[in-house]
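Visitor: Please read through the structure below; I'll follow up with questions.
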Amino acid sequence: MAIVVLLAQRVLLLIGVVFGVITIMFVLSRVLPASPAELMLGGRPSFEMIAKAEAELGLDRPLAVQYLNFIGSAIRGELGDSLLTKRPVLLEVRERFGATFELTTLAMVLVLLIGVPIGVLSAVRQNSMLDNVVRTISVAGVAIPSFILAMSLQLLFYGALGWLPLQGRVDTSILLRNPIKPITGLFLIDAPLTGNWEGFTSALAHIALPLLTLTILLLATVTRITRNMMIEVLKEEYIRTAFAYGLPKSAIYYQYALKATLIPILTVIGLTYGNLLGGAVVVESVFDWPGLGSFVVSSIAQNDYPASLGATLFLAGTYLLINLIVDLLYPVVDPRLRTA
Amino acid sequence: MTVNRREILKSAVGSSLAFAGMGWSSLSAVAQSGPTKNTLTWLADNSYRNMNPATNYEAEIFVLGNVYETLFEYKDGKVHPKLATSWDRANDAKTWTVKLRRDVNFHNGTRLDSAAVKKSFEFVRDLGKGAAFLYSGLENVETPDPFTAVFHFKNPIAFDLVAAGQYGAFVIAPAAVDKGDEWLTQGHAIGTGPYQLTEFQQGKLLVLQKFDDYWNGWHNGQFERVIHPFVSEPATRVQMMRSGESDIALVPVSQIESLDALTNVAVALTPSWRTQLYYLNTQKYPTNNLKFRQALMHIWDYDSVLKDVFHGSAKKPVAPIASTLWGHRTYDLPMFDLQKALTLLEESGVPKNDWKIKALYGANSQDIDAIQLFQANASTIGLEVELDQEQIFSTYLSKARNPETTGNMNYMTWWPAYPTPSDSLISLFRTEKKPTFNLSFYHDAEYDRLVDQGVKLEATDIEAAAKAYIAAQDRLMQNAVAIFYAEPDRVNAYSSNITGMEEASNPAYEWLSIYDLRR
């Protein structure tokens, strides 16, 4: 019952926040001095042509009417057409979301599989050689700018070794001869589902460098958090008691200690994952990864307001949804929260 | 079957070695595959969005110029026939009779005729977007026979120049016009050019295929297929050029020397009609003072900017109009001279406390470096320059147009839509009640009269028009309305086994003519 109440509270909060984001984005798009109508027309339109185009876009109506129209359309799932591509914003977003989701989800999975055990080991062997190495790499991972890391990996794996492709999501030959048919939008799933093994190999090779970049960057945070939390937990009396009872070390570390650190780790992962789904903008740009981040940036840079509004709304919703899921996982991890 | 840890490790190492052996080069692989061998891989630095030649006014023109053609072509200072064979102007320059080639087919196999030309130009005019302003005076097009088109305009017009322009002048097949704006915008095309647009994946790549039935024929060594993927990151484009994965790419000027030193890559610097300038605001204090503006022109270190910011890929302008365009005069533009600048500032009568200006500029790295150098030089003689950068061009424009937020110096890069000085002289400096591009806020009745006279004469007497334009430019120089600081070249890195880069470049057009390249 408590979970149902929590869920209801969170969903209401989510709706409120999405509504707030829509309002802020709408106001921002209207207070910018630039004219979307001018962008739509291109070239060097006269003021009369701009005024006519503004009327077509409804930009000449009172702000409140524009706002209500926008809210109404958003509720109906109509985000309008991009001023530049003339394609529905929802279609543009959907096409790019798969690329971002695939990259960031894989990165998060890798980070969890590698970062948490390393953090635990580092805490258990505090001040050992392993711990020192992990701490050094973690600090470097947090400190290094993402574009430097991305370009260094490109230079090494493409430039010097020639092992991995430099950019894009699949080879050009795949795009032209044997494109991966979209089912889920995730190439690493769609390619095997459709028997396109050539596409699968290419997608795997292409995701390697951006994935490695993101993983290294995120690994640092997750490893540090896990290590620090574990060190604190290992000082707790119930852990010392467990040792005194002679319980196996692995059980103490992974069943008792690690469990107690999961709440902060989950929080960090939820926030980081939500942020990444908004587009790992720098990494996407360096690797020409056709994800949402680069789309949002180019829409904002070109003042394509339906595209930037629609994409931001989508991103805000996704971010909140991820964090809702994280909130719902808390009681699963910590039973005390089920009755709180 | 069970899989143990050792087997997993073995297969992981095996996969790594397999990748290592591959030596990744996905583009060269596709270039050598398929039915056609001579494929050009050419990297795009822009994500193309609007592929409609009737409305496009942006970077897509790089591709569209290889797919569509114009009635006339401007080259080496003259108008030449292209899809037209000859043309005749009525005395009033309001009516133009154009004879068409009889051997031209569109990519869908239909014949180019006067009805197609009529439909195409009226389509551009009626859509009213992009460069349609050039055709706003088009009343109608008569088609007395299949290969004669008679254009009627409300006012005198230099139609041969306008229709030799790079925007809005392409002839589009009737079948494509019937499909409409949206169909064309989304990457479909039917033109008469040497290449057909066969594949367009928005934000990813496009493919051009040789049009076998091209009226000008084909020769050995020309490219049969062009793969044009979008690679946004300049550093990535440079790496792909270095590795041989790409044949042509626009590269940052800072890479010119290092790429040119490679044996497999050459760098072509080809002239353009682009001019980079800083408007000097003639209405805003203290640049509303002529001597103050003249002082600013002497603070600009032209040579250092050209050498260190542009790495030799730009020329010092000789006039407000690009030196390769008709109607310019070679002026002795001011020299970098801080002492002279200081003297002029003192003579201006502006109190020393007010020696403060704002410079508004964009996101291009060269703009940033150049204006920062200006700021440093200005500070040595006591002039304070506040730098105000606007990353988004449309926001920059709105800010620069607003008298409350505009700068004393406002940045611009300009190139004409068609081969005429009037495009720059009118757009940039003619009096406007509400400025669109006159960001000097320059009001000069005599200047306006001269450029208007130039436009009228352009259609009938080009030499007299040039004189009027030069007289107008004299006034711009006398009144110190802008710092014209660079005529940048186009910087293309290309594989050294490709020839014809010079023939493929024409300053009148932004695009590279792939048809003129050979391997």
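Conditions (1) part of a loop (DSSP other than H, G, I, E, B); (2) within 24 Å of the chain's Cα centre (by Cα); (3) among the aliphatic types (A, V, I, L, M), marked per residue:
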{"site": "A:112", "(1), (2), (3)": "no, yes, yes"}
{"site": "A:117", "(1), (2), (3)": "no, yes, no"}
{"site": "A:121", "(1), (2), (3)": "no, no, yes"}
{"site": "A:131", "(1), (2), (3)": "no, no, no"}
{"site": "A:139", "(1), (2), (3)": "no, yes, yes"}
{"site": "A:153", "(1), (2), (3)": "no, yes, yes"}
{"site": "A:159", "(1), (2), (3)": "no, no, no"}
{"site": "A:167", "(1), (2), (3)": "yes, yes, no"}
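Visitor: Next question, about the same structure. Among residues belonging to segment B:94-133 that are assigned to a strand (DSSP E or B) and not hydrophobic (A, V, I, L, M, F, W, C), point out the one that is nearest to residue B:73 (Cα to Cα).
Guide: It comes out as B:99.
Visitor: Run residue B:313 past the list (1) at positive phi; (2) assigned by TED's automatic domain parsing to the domain that holds residue B:424 and report the number of the one that doesn't hold.
Guide: (1)
Visitor: Could you grab me the full set of residues in segment B:178-208 that are surrounded by fewer than 21 Cβ atoms within 10 Å (Cβ to Cβ), among the hydrophobic types (A, V, I, L, M, F, W, C) and in contact (Cβ under 8 Å) with a residue 60 or more places away in the chain?
Guide: Within segment B:178-208, just B:200 meets the criteria.
Visitor: Residue by residue through segment A:125-150, note down the ones that are crowded, with 19+ Cβ neighbours inside 10 Å and among the aliphatic types (A, V, I, L, M).
Guide: A:134, A:149, A:150
Visitor: Could you say whether any residue in segment B:154-174 is surrounded by fewer than 19 Cβ atoms within 10 Å (Cβ to Cβ), assigned to a loop (DSSP other than H, G, I, E, B) and more than 14 Å from every other protein chain (Cβ to nearest Cβ)?
Guide: yes
Visitor: Now for a separate question. Does residue A:81 count as within 30 Å of residue B:402 (Cβ to Cβ), touching a strand residue (DSSP E or B) at 6+ places or on another chain (Cβ under 7 Å) and not polar (S, T, N, Q)? Quick ask: steps written out before the conclusion?
Guide: Details: within 30 Å of residue B:402 (Cβ to Cβ): yes; touching a strand residue (DSSP E or B) at 6+ places or on another chain (Cβ under 7 Å): yes; not polar (S, T, N, Q): yes.
Here the answer is yes, as residue A:81 does meet what is asked.
Visitor: If a residue has to be touching a Lys or Arg at 6+ places or on another chain (Cβ under 8 Å) and not in a helix (DSSP H, G or I) to count, how many in segment A:171-228 make the cut?
Guide: 3
Visitor: List the pairs whose first member sits in segment A:17-43 and is of a type in the set (Phe, Trp, Tyr), whose second member is modelled with pLDDT of 70 or more and surrounded by fewer than 18 Cβ atoms within 10 Å (Cβ to Cβ), and whose Cβ atoms are under 9 Å apart, counting only residues at least 6 apart or on separate chains?
Guide: Taking only residues 6 or more apart or on different chains, the pairs are A:19/A:71; A:26/A:63; A:26/A:66; A:26/A:67; A:26/A:71.
Visitor: Please find, among A:149, A:175, A:166, the residue that is closer than 15 Å to residue A:205 by Cα, of a type outside the set (Phe, Trp, Tyr) and touching a residue at least 40 places away in the same chain (Cβ under 8 Å). It would help to see each step written out before you state the result.
Guide: Working: A:149 fails: closer than 15 Å to residue A:205 by Cα; A:175 fails: touching a residue at least 40 places away in the same chain (Cβ under 8 Å).
Of the residues listed, the single one that is closer than 15 Å to residue A:205 by Cα, of a type outside the set (Phe, Trp, Tyr) and touching a residue at least 40 places away in the same chain (Cβ under 8 Å) is A:166.
Visitor: Give segment B:460-519 a look and list any residue that's of a type in the set (Val, Ile, Thr) and out of contact with any strand residue (DSSP E or B) (no Cβ under 8 Å at 6 or more places or on another chain), or say none.
Guide: We begin by selecting, within segment B:460-519, every residue of a type in the set (Val, Ile, Thr); these are B:460, B:462, B:470, B:481, B:483, B:491, B:498-499, B:514.
Passing the criteria: B:462, B:470.
Visitor: Right, residue B:436: modelled with pLDDT of 90 or more, surrounded by fewer than 20 Cβ atoms within 10 Å (Cβ to Cβ) and in a loop (DSSP other than H, G, I, E, B) or not?
Guide: Working: modelled with pLDDT of 90 or more: no; surrounded by fewer than 20 Cβ atoms within 10 Å (Cβ to Cβ): yes; in a loop (DSSP other than H, G, I, E, B): yes.
No.
Conditions (1) in contact with a helix residue (DSSP H, G or I) (Cβ under 9 Å, 6 or more places away or on another chain); (2) aliphatic (A, V, I, L, M); (3) over 30 Å from residue B:355 (Cα atoms); (4) in the same structural domain as residue B:428 (by TED's automatic domain parsing), marked per residue:
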{"site": "B:198", "(1), (2), (3), (4)": "no, no, yes, no"}
{"site": "B:217", "(1), (2), (3), (4)": "no, no, yes, no"}
{"site": "B:220", "(1), (2), (3), (4)": "no, no, yes, no"}
{"site": "B:249", "(1), (2), (3), (4)": "yes, yes, yes, no"}
{"site": "B:255", "(1), (2), (3), (4)": "yes, no, yes, no"}
{"site": "B:258", "(1), (2), (3), (4)": "yes, no, yes, no"}
{"site": "B:262", "(1), (2), (3), (4)": "yes, yes, yes, no"}
{"site": "B:287", "(1), (2), (3), (4)": "yes, no, no, yes"}
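Visitor: If only one of A:309, A:271 is closer than 23 Å to residue B:397 by Cβ, more than 13 Å from chain B (Cβ to nearest Cβ) and touching a residue at least 40 places away in the same chain (Cβ under 8 Å), which one is it?
Guide: Values: A:271 fails: closer than 23 Å to residue B:397 by Cβ.
The unique qualifying residue is A:309.
Visitor: Something else about it: Before we move on, is residue B:394 part of a helix (DSSP H, G or I), out of contact with any Gly (no Cβ under 6 Å at 6 or more places or on another chain), free of Cβ contacts under 8 Å to residues at least 12 places away in the same chain and not assigned by TED's automatic domain parsing to the domain that holds residue B:254? Talk me through it step by step, then tell me what you get.
Guide: Working: part of a helix (DSSP H, G or I): yes; out of contact with any Gly (no Cβ under 6 Å at 6 or more places or on another chain): yes; free of Cβ contacts under 8 Å to residues at least 12 places away in the same chain: yes; not assigned by TED's automatic domain parsing to the domain that holds residue B:254: yes.
Yes: the conditions hold for residue B:394.
Visitor: Taking residue A:87 and the conditions (1) within 14 Å of another protein chain (Cβ to nearest Cβ); (2) more than 20 Å from residue A:30 (Cα to Cα); (3) touching a residue at least 40 places away in the same chain (Cβ under 8 Å), which numbered condition does it fall short on, given that it satisfies the others?
Guide: Result: residue A:87 passes all but (3).
Visitor: Then there is this: Just a yes or no: is a residue in segment B:131-152 among the polar types (S, T, N, Q) and surrounded by 14 or more Cβ atoms within 10 Å (Cβ to Cβ)? Let's see the steps before the verdict.
Guide: Quick first cut of segment B:131-152, residues among the polar types (S, T, N, Q) only: B:136, B:140, B:143, B:148.
Now drop any that are not surrounded by 14 or more Cβ atoms within 10 Å (Cβ to Cβ), which leaves B:143, B:148.
Scanning segment B:131-152, I find at least one residue that is among the polar types (S, T, N, Q) and surrounded by 14 or more Cβ atoms within 10 Å (Cβ to Cβ), so the answer is yes.
Visitor: How many residues does segment A:275-306 contain that are outside any loop (DSSP other than H, G, I, E, B) and of a type in the set (Asp, Glu)?
Guide: Taking segment A:275-306 first, the residues outside any loop (DSSP other than H, G, I, E, B) are A:275-277, A:281-286, A:292-301, A:305-306.
Among the residues that remain, those that are also of a type in the set (Asp, Glu) are: A:284.
Number satisfying all stated conditions: 1.
Visitor: Now for a separate question. Given the criteria free of Cβ contacts under 8 Å to residues at least 12 places away in the same chain and more than 14 Å from every other protein chain (Cβ to nearest Cβ), does residue B:457 qualify? Talk me through it step by step, then tell me what you get.
Guide: Values: free of Cβ contacts under 8 Å to residues at least 12 places away in the same chain: yes; more than 14 Å from every other protein chain (Cβ to nearest Cβ): yes.
When the stated conditions are applied, residue B:457 passes them.
Visitor: Could you grab the pairs with beta carbons closer than 8 Å, sequence gap of 6+ or different chains, first residue in segment B:49-69 and touching a residue at least 12 places away in the same chain (Cβ under 8 Å), second one assigned to a helix (DSSP H, G or I) and acidic (Asp, Glu)?
Guide: Within 8 Å, the pairs are B:52/B:181; B:54/B:181; B:55/B:181.
Visitor: Related question: Could you grab me the full set of residues in segment A:109-130 that are more than 27 Å from residue B:235 (Cβ to Cβ) and touching a residue at least 24 places away in the same chain (Cβ under 8 Å)? Walk me through it before giving the result.
Guide: In the first step, residues of segment A:109-130 are kept if they are more than 27 Å from residue B:235 (Cβ to Cβ); the result is A:109, A:112-130.
If the condition is that a residue be more than 27 Å from residue B:235 (Cβ to Cβ) and touching a residue at least 24 places away in the same chain (Cβ under 8 Å), then A:112, A:114, A:115, A:116, A:118, A:119, A:120, A:122, A:123, A:124, A:126 are the ones that fit.
Visitor: Out of the residues in segment A:289-302 meeting the condition of being crowded, with 24+ Cβ neighbours inside 10 Å and facing another protein chain (nearest Cβ under 9 Å), tell me which one is farthest from residue A:26 (Cα to Cα).
Guide: Here the residue is A:294.
Visitor: Ok, one more. Of all residues in segment B:188-226, how many are within 14 Å of another protein chain (Cβ to nearest Cβ), touching a Leu at 6+ places or on another chain (Cβ under 7 Å) and in a loop (DSSP other than H, G, I, E, B)?
Guide: The qualifying residues number 1.
The values are calculated or read from the model by the stated rules, or taken from the named source; none is laboratory data. This one's a predicted model, so the numbers in the text were calculated from it and none came from an experiment. Glycine also receives a Cβ, built like all others from the backbone with ideal geometry; neighbour counts cover every protein chain displayed.
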